[in-house]
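Every number in this text was worked out from the coordinates using simple rules, so none of it is lab data. Since the structure is predicted, the reported quantities are computational estimates derived from the model, not experimental observations. Because the Cβ atoms are built from the backbone with ideal geometry, glycine has one as well, and the counts that use them run over all protein chains shown.
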Amino acid sequence: MPYETTCNNEAALAALLYVADKLPKPNMHKVAKILYFADKLHLERYGRQIFGDTYIAMPFGPVPSHVYNLVKEADPKKTGDSLFGAPEIASHLRIEWDGNVRLVYPEHEPDLDNLSRSDLLCLDESLELFSDLNFKPLSDLSHDAAWDAARKKSPYQKGAPMTLDEIIGTLDNADELRAYLADPHP
């Protein structure tokens, strides 16, 4: 069953800044995976994603597409036209490169008014569970059934969209969550 999602730009930026601020070396790979796992926790417990992004099944795991585009906009190595208004995004993020690793540093505190208490609880839990993991274990954990299903649909693409239903299918309460999302106000 398809579910409609719309990315909340303010919540996405707040979550990105929040996670990046909590990591000693906030590389984009780790930030993306922590956001993915936090979104799964929040979806399972509260019936919604934190900021409503679409995840792309990239070779090293799920990547929130809108958040990733924001990061690319702030990157000084970026070439081409601006999608979101790079000067504005660059006032929120500082991008540095450590070899071929993109590091994402917040330029200020996140606006926590754009995140609920439950959002912050799931972000904190994801940080606690996954921030100490290195690249390979974090990638391996994120290669779940939703990631695998998306990759099988588009095996020749670098990345393929993961449907919300595929992500829900990885959760213990998938049937209940699907019923809730089909009719949240019975």
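Points worth noting:
- For the chain, the Kirkwood hydrodynamic radius comes to 16.8 Å, computed from all pairs of different C-alpha atoms.
- Counting Lys and Arg as +1 and Asp and Glu as -1 over every other residue whose Cβ lies under 14 Å from the Cβ of Val104, the net charge comes to +3.
- Selection from Asn8, Phe51, His29 lying farthest towards where the dipole of the chain points positive, charges on Cβ: His29
- Here the stretch 9-182 is assigned +1 on the Cβ of each Lys and Arg and -1 on the Cβ of each Asp and Glu. Its dipole about the Cα centre then comes out at about 680 debye.
- Other-chain or far-sequence residues with amide H under 5 Å of Met162's (modelled H): Tyr55, Ile56, Ala57
- For the chain, with +1 on Lys and Arg beta carbons and -1 on Asp and Glu, the positive-most of Leu17, Gly159, His92 along the dipole: Gly159
- Proximity of backbone amide H atoms, modeled 1.01 Å from N, is registered between Leu93 and Glu107 at under 5 Å, excluding neighbours fewer than 5 places apart on the same chain.
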